[in-house]
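Working notes, structure below.
Here, each number is a calculation from the coordinates, and none is a lab measurement. Remember, predicted model here, so these are calculated numbers, not experimental data. Backbone-built Cβ (ideal geometry, glycine too); neighbour counts: all protein chains shown.
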Amino acid sequence: MHTQLREAAAELGPLLWREHTLYRERGGGVVIRGEHVGRWISLAPRGTRDDILVRAGRILDGGTTAPARSEAVVSLAVGRDELAALCRRLLADAADGPGTTVFVPGPRTAAHRGRTGGRPRTAARRNRAERARGRRSRHTGLASGLILLGILGAVGLYAYLAAAA
């Protein structure tokens, strides 16, 4: 499927923009970026044999991509001209106001939903963020200090009794 998507994107790129860049997504899809127009098109497998999810969005200042503003599901068997027309319509929708969904049949699955909220928060990032906001880490509180003092006292008492015997 990736080979078919790559070939379709290679044929579709020149039909959309003179200057474009193709690259592969982590999920197996292909993205066509038009830096000079500030837009991108993504072709991703949809799970069935020849259906693909086509998404369009903007490229923000600094080169980062904004989330998809419009999307559609289409068969990869359609002609390249029809696919290019669909992409142009999605790009026009992406250029307009708020995000729209052109056509997505059936329920959205986790594979198409994507992550929200950026990178997952690890414990180290969470603790760093809490310290930056002025909060103390959960391991440096008064209760933790008292527990450590009690453990050190018990070890000291054991060492004293062992030395006396």
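Among the trypsin sites (Lys or Arg not before Pro) in the stretch 1-58, which ones are in a DSSP loop with at most 12 other Cβ atoms within 10 Å of the Cβ? Mind listing them?
Arg18, Arg26, Arg49
How big is the stretch 8-79 along each principal axis, measuring the range of its Cα positions in Å and listing the largest first?
Result, largest extent first: 36, 23, 20 Å.
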